[in-house]
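The values are calculated or read from the model by the stated rules, or taken from the named source; none is laboratory data. What you see is a predicted model, and the numbers here were worked out from it, not measured in a lab. Heads up, the Cβs are rebuilt from the backbone with ideal geometry, glycines too, and the neighbour counts pull from every protein chain shown.
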Amino acid sequence: MHRATHLGNPATRFADPLKTPDDLRRTLQSEALREDVQLVLRMSGYTGGMDDFLRAAAQAPVLALSIPVGSVPPAMSTRRKGRPHLPRNVLWAGKAPIDAYEFSFLSGERRYRVVTPKACSNFWVEEQLPRPRHALDLSCDAPANSARPEIILDSSVEHVRRRGCAGVWREATTPRDRSPQGGATKPGARTDAKAGV
């Protein structure tokens, strides 16, 4: 375990200190830091897309965060002889909580959180568990006197096929053998859906 008592040393900080969320966005999207940011992501175990990361850095809501003394972040980037370095399990043993920024985003089927202390820009990325589950939101605008629509789970193509009120088939991806309500359903099972759901 690495023990940290001070942040912001110009020789070891990842980038300049941050004062606003826009500072964070500029740092993570900087062309000058692009290779270093990518290296920290790889060392953090990030397996998502770089485009997703950059899009989140530009657009995701950025929240203020206070990291208490005694906390053990899973990692924290720094520099060693100018090169990015990523110590693991960093015990914060300073005299005050760490003021930081955080944002979250999805890439592939995983959700990630990026945390960046303001004093040093020593960011890290971590996967947030549990992983997101697919959901399907169905609605029906059938007239009150029409027959109830049917939902047919077709496991052979892993799609929910829904016959709409006008008899038009629509498709939406959903996990295998799961009903839209989240309960387990056997392949080929048939479920009725009430109008207006």
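What residue, among those in segment 61-93 that are in contact with a helix residue (DSSP H, G or I) (Cβ under 6 Å, 6 or more places away or on another chain) and part of a loop (DSSP other than H, G, I, E, B), is surrounded by the fewest Cβ atoms within 10 Å (Cβ to Cβ)?
Within segment 61-93, the subset in contact with a helix residue (DSSP H, G or I) (Cβ under 6 Å, 6 or more places away or on another chain) is 62, 77, 84, 86.
Adding the requirement that they be part of a loop (DSSP other than H, G, I, E, B) leaves 62, 77, 86.
Numbers: VAL62: 20, SER77: 27, LEU86: 22.
Here the residue is VAL62.
Need the failing condition index for ASP99 against (1) over 16 Å from VAL125 (Cα atoms); (2) assigned to a loop (DSSP other than H, G, I, E, B), just the number.
(2)
Could we say that VAL40 is part of a helix (DSSP H, G or I) and either modelled with pLDDT of 95 or more or on the phi > 0 side of the Ramachandran plot (or both) here? Outline the logic, then answer.
Values: part of a helix (DSSP H, G or I): yes; either modelled with pLDDT of 95 or more or on the phi > 0 side of the Ramachandran plot (or both): yes.
Considered against the rule, which asks whether it is part of a helix (DSSP H, G or I) and either modelled with pLDDT of 95 or more or on the phi > 0 side of the Ramachandran plot (or both), VAL40 comes out as yes.
Could you list all residues from segment 94-119 that are over 19 Å from PRO130 (Cβ atoms) and loosely packed, with under 14 Cβ neighbours inside 10 Å?
LYS95, ALA96
Assess whether ARG3 counts as being over 13 Å from GLU102 (Cα atoms) and assigned to a strand (DSSP E or B). Steps first, answer last, please.
Numbers: over 13 Å from GLU102 (Cα atoms): yes; assigned to a strand (DSSP E or B): yes.
Yes.
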